[in-house]
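The values are calculated or read from the model by the stated rules, or taken from the named source; none is laboratory data. It should be emphasised that the depicted structure is a prediction, and the values quoted were computed from it without experimental measurement. Because the Cβ atoms are built from the backbone with ideal geometry, glycine has one as well, and the counts that use them run over all protein chains shown.
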Amino acid sequence: MTTKDVGNSNLTKTSTLEALGYLCEDLEEEAVDQTETNQILTAIVDGMREDGAITVRVAAARALLSSLVFTRHNFDNETERTMIMQVLCTATKSPDEQLRIIAFESLARVAALYYEKLPQYIEALFTLTLTAIQQDKDEQVSMMAVEFWSSLCEEELEILEETNSVDQSRTLSHRQCARYVCAAASHIVPVLLQSTLVKQDEYADEDTWNLSAAGAICLGLVAQAAGDAIVPDVLAFVESNILHAEWRRREASIMAFGQLLDGPKPELLTDPVQTAMPVLVRTLKDNHTLVKDTAAWTLGRICELHAQRIPQGYLQPLVESLGGALQDSARVASQSCFALHNLAQAFERAPRSRETNALSPFFRPLLTQLLAATERRDWQDHNLRGQAYEAVNMLIQNHARDMRPVVLEVMQVVLQRLHSTFSTVVVSQDDKEERYQLQSLLCSVMQVITRAVDKDIEPFCDHIVALLLQVLNNEHAIASEEAFMALGAIASTVEQAFDKYMGDFFPFLIKGLRNYADWQVCSASVGTAGDVCRALESRILPYCDEIVRCLLEDLQNPTLNRQVKPAVLSCFGDIALAVSGNFVKYLPSTLQMLEQAAAMKISPDDEDLVEYITVLREGILEAYIGVVQGLVIRACLHDSCSI
């Protein structure tokens, strides 16, 4: 059907093309055969003629955007491909802003879908996109032109990752990276720096998507795709603007530096990082919120990616300045939490048995400041409470032995806060959700503390378990998930002493294993069941019949999210190891389920399914290992008794 087939009315043509676009949005790629695709394209290209009414052209462009996924065979044909590309390139120069936006969005989609077909068009696309970024008066058009390069970067990064995987497996890659981004980097980077990063909206929310944000993300992707090639241009921009009187220039230079940190060789960034640190730390006291926000974020990126390059003498001013920033606006404080989290994570590789580490002198004041931040009046803004508790968790997780008493003090604060949530006055549904969210965060901290302090947790377990069971009694998904994981951590730590809690805990465990609606809760309860089995060993036997029954029901339930099932299979291995020869009674049903799971077929074209089946097979292997080892233990014991 062409637009001529539906009469001369522009309204009719527009409505027809809009309907076609909506139809294409909802169809799967394989649902449209080639004949239908050709008919769709004929109607669309006819509708996008330059002499057509603008409403018709816009509707046709939207329909083309929605139908690109069906046009692989057309893109394989050079004549048809060139026709489509010419129509899109022409549309990017239209006087109508909406048509230009859709045209550039379509070109970004083409870059992702048909990367290998770009060589004969890339020069024209280069000129069109860079001109639009620099000169178009409509910010949305410029953003879509930036999106073309972001899509191109993402595609090249994916191809390079595939090539690396192929090299390791010594097979042949079917896709080649043309390195368009690297070749054009010396032109793209200055345009992004001068025409996008300095276009900040100081009143925009943190998550607002605008030209400045699009340019920053694109610059980060270019850094990953082009690597070392962009270092000189970015550093020159940073040096020229980081102390600029205009706040937009200062913020843009810091953002550019933050985006540069992931991609180039780390050794190329050693001197720049060390030179930037004093300036960035001072900038946390800038008179403009956006500049402080970006400085804290960039410090967080340095702590995440280049912690070993922080000058030795700069740890104290860094920590003290980030601690001070926790009292700034919620936006800046949240980024400070991000930086402190990453700084603490940098100590992950240090042996836990070490008596002290470089964070110990700042440990208590940092935890005090972070815990205070979680109770600010504006804790809901910019996820401040969640970010602060995540930083608390990472500090505790990587504490040195000399800070153990401080961790136990924090534990008492956390338990007190958890206890107080049960007496909070709840008036509205929002109040209820707020309470459950807080309980979830506090249970998460308790899990981290339990694993971090190991046997030192034992004197407090009665109180902790009682509170966690109260959380489970509320039956709220988010809080229950964290409570289950905290109880699993306690079981792993106290081992067979956990038996004293099983009478009270077991009904909640069974309810969790049967919670098909909230699959994350079901998954957490499966993990906890495994922890408890490993902890109690043969003492789990009285509870096994019901646990195994629930696990088999989980595997057979078609409504349960499939992500739970690998953990369920693995849990059978934990049970078998725990009860050894007593597992024989469950063997027939278990082996049948394992055989059925192993028979699942992989579709190479479905990446999600391939990933899922890989994880599923790991669960199958873990189950078999547990079953075999459990039965071997029984045989060895039998032989020993016979002797």
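On the given criteria, is residue 57 basic (Lys, Arg) and either in contact with a Ser or Thr (Cβ under 7 Å, 6 or more places away or on another chain) or assigned to a helix (DSSP H, G or I) (or both)? Yes: the conditions hold for residue 57.
Would it be correct to say that residue 198 is of a type in the set (A, V, I, L, M, F, W, C), over 15 Å from residue 225 (Cα atoms) and not in a helix (DSSP H, G or I)?
In short, yes.
Across the stretch 239-279, the qualifying residues are those that are in contact with a helix residue (DSSP H, G or I) (Cβ under 9 Å, 6 or more places away or on another chain) and of a type in the set (Gly, Ala, Ser), and the one among them that is farthest from residue 200 (Cα to Cα) is 263. Scanning the stretch 80-99 for residues that are of a type outside the set (Gly, Ala, Ser), part of a loop (DSSP other than H, G, I, E, B) and surrounded by fewer than 23 Cβ atoms within 10 Å (Cβ to Cβ) gives 93, 95, 96. Among the candidates 243, 268, the residue that is farther than 19 Å from residue 311 by Cα, surrounded by fewer than 22 Cβ atoms within 10 Å (Cβ to Cβ) and not charged (D, E, K, R) is uniquely 243.
Residue-level check: of (1) touching a residue at least 24 places away in the same chain (Cβ under 8 Å); (2) surrounded by fewer than 19 Cβ atoms within 10 Å (Cβ to Cβ), residue 438 misses just (2).
Selection of the stretch 100-140 for residues being assigned to a helix (DSSP H, G or I), surrounded by fewer than 22 Cβ atoms within 10 Å (Cβ to Cβ) and among the aromatic types (Phe, Trp, Tyr) yields 115, 126. Assessment of the stretch 469-483 against the conditions (buried (at least 17 other Cβ atoms within 10 Å of the Cβ), farther than 23 Å from residue 386 by Cα and of a type in the set (Gly, Ala, Ser)) yields no matching residue.
Just one of the numbered conditions (1) exposed (fewer than 15 other Cβ atoms within 10 Å of the Cβ); (2) under 28 Å from the mean Cα position of the chain (by Cα); (3) modelled with pLDDT of 95 or more is not true of residue 352: (3). Screening the candidates 16, 37 for the property of being assigned to a helix (DSSP H, G or I), at pLDDT below 80, over 35 Å from the mean Cα position of the chain (by Cα) and closer than 24 Å to residue 97 by Cα yields one hit, 16. Those helices (runs of 4 or more DSSP H) of the stretch 390-488 in which 2 or more residues are under 18 Å from residue 344 (Cβ atoms) and either at pLDDT 95 or above or touching a helix residue (DSSP H, G or I) at 6+ places or on another chain (Cβ under 8 Å) (or both) occupy 404-421, 429-453. Annotation note: Cβ proximity below 6 Å between a residue of the stretch 168-185 that is closer than 15 Å to residue 155 by Cα and assigned to a helix (DSSP H, G or I) and a residue that is among the charged types (D, E, K, R) and at pLDDT 95 or above (sequence gap 6+ or interchain) occurs for 181/156. Within the stretch 201-232, the residues that satisfy the criterion of being over 25 Å from the mean Cα position of the chain (by Cα) and under 25 Å from residue 288 (Cα atoms) are 201, 202, 203. Checking the stretch 201-214 against the condition returns a match, with at least one residue being in contact with a helix residue (DSSP H, G or I) (Cβ under 7 Å, 6 or more places away or on another chain), closer than 18 Å to residue 130 by Cβ and surrounded by 16 or more Cβ atoms within 10 Å (Cβ to Cβ).
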